[in-house]
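The values are calculated or read from the model by the stated rules, or taken from the named source; none is laboratory data. The model shown is predicted, which means the values in this text are computed figures rather than measured ones. Ideal geometry is used to build each Cβ from the backbone, glycine not excepted, and the neighbour counts take in all protein chains shown. We work out accessible area using only protein heavy atoms, side chains counted, and drop any ligands, DNA or RNA first. Shrake-Rupley method; radii C 1.70, N 1.55, O 1.52, S 1.80 Å.
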Amino acid sequence: MDWVLRSARTADIETIAELRATVLRPDLERLERFDPHRARQRLRDSFSAAHTSVIETAGAFAGCVTLRPAADGRWLEHFYLAPRCQGRGIGSAVLGHLLELTDAEDTTVRLDVLRGSPARRLYERHGFTVEDEDPIDVFMVRHPGGRRASADACGAR
């Protein structure tokens, strides 16, 4: 499935907040932490259009990702794909593209993923390693030039 990234706009916030609540619900329910209002509000409170990209497939909204600058590199945040787009290689392709950019900048990337989330396997395939854990989150890091998954045949940039 072909995909493209476009810069997020302030008008995207509610669509992204809804996607966040949908995508995180199973993991948050498993962790007994799901609150529909809080799931959306946390996105609204931290949304930065300047650092967020919207993922589109066939001209339609398919997901989003934020790559926020930090003192010691970048934070990968709010990386969500619509359920209809999951399992098609889009997440791996988008992540690979972003990591090519951060590698070219010689930049370390950090993220956190919910404990037990299948997304952790994606991050590990792209060279992220566990830096710390708590009862809810697993904090991961990838230094520049980290191991990447093999090339996908999943679409254009």
| note | Quick count over the range 48-92, residues being of a type in the set (D, E, K, R) and farther than 19 Å from residue 122 by Cα, is 3
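Scan the range 29-56 for residues that are among the hydroxyl-bearing types (Ser, Thr, Tyr) and over 17 Å from residue 98 (Cβ atoms) and report the count. Walk me through it before giving the result.
Here is the first cut: in the range 29-56, the residues among the hydroxyl-bearing types (Ser, Thr, Tyr) are 46, 48, 52-53.
If we keep only those that are over 17 Å from residue 98 (Cβ atoms) too, we end up with 46.
Counting residues in the range 29-56 that are among the hydroxyl-bearing types (Ser, Thr, Tyr) and over 17 Å from residue 98 (Cβ atoms) gives 1.
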| field | Filtered residues of the range 121-143 (kept if modelled with pLDDT of 95 or more, assigned to a loop (DSSP other than H, G, I, E, B) and open to solvent by less than 70 Å² (accessible area, probe 1.4 Å)) | value | 126, 127, 128
| message | Looking at the range 27-44, can you tell me whether even one residue there is out of contact with any strand residue (DSSP E or B) (no Cβ under 6 Å at 6 or more places or on another chain), assigned to a loop (DSSP other than H, G, I, E, B) and among the aliphatic types (A, V, I, L, M)? | response | yes
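Conditions (1) in contact with a helix residue (DSSP H, G or I) (Cβ under 9 Å, 6 or more places away or on another chain); (2) farther than 19 Å from residue 92 by Cβ; (3) not aliphatic (A, V, I, L, M), marked per residue:
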residue	(1), (2), (3)
1	yes, no, no
8	yes, yes, no
12	yes, yes, yes
15	no, yes, yes
18	yes, yes, yes
29	no, yes, yes
34	yes, yes, yes
43	yes, yes, no
49	yes, yes, no
| request: Scan the range 1-58 for residues that are small (Gly, Ala, Ser) and open to solvent by less than 70 Å² (accessible area, probe 1.4 Å) and jot them down. | output: 8, 17, 21, 39, 46, 48, 49, 53
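May I ask you to list the residues in the range 79-120 that are assigned to a loop (DSSP other than H, G, I, E, B), open to solvent by less than 60 Å² (accessible area, probe 1.4 Å) and either of a type outside the set (Gly, Ala, Ser) or in contact with a strand residue (DSSP E or B) (Cβ under 9 Å, 6 or more places away or on another chain) (or both)? Steps first, answer last, please.
Of the range 79-120, the ones assigned to a loop (DSSP other than H, G, I, E, B) are 82, 86-89, 105-108, 115-118.
Restricting the remaining residues to those that are open to solvent by less than 60 Å² (accessible area, probe 1.4 Å) gives 82, 89, 107-108, 117.
Result: 82, 107, 108, 117.
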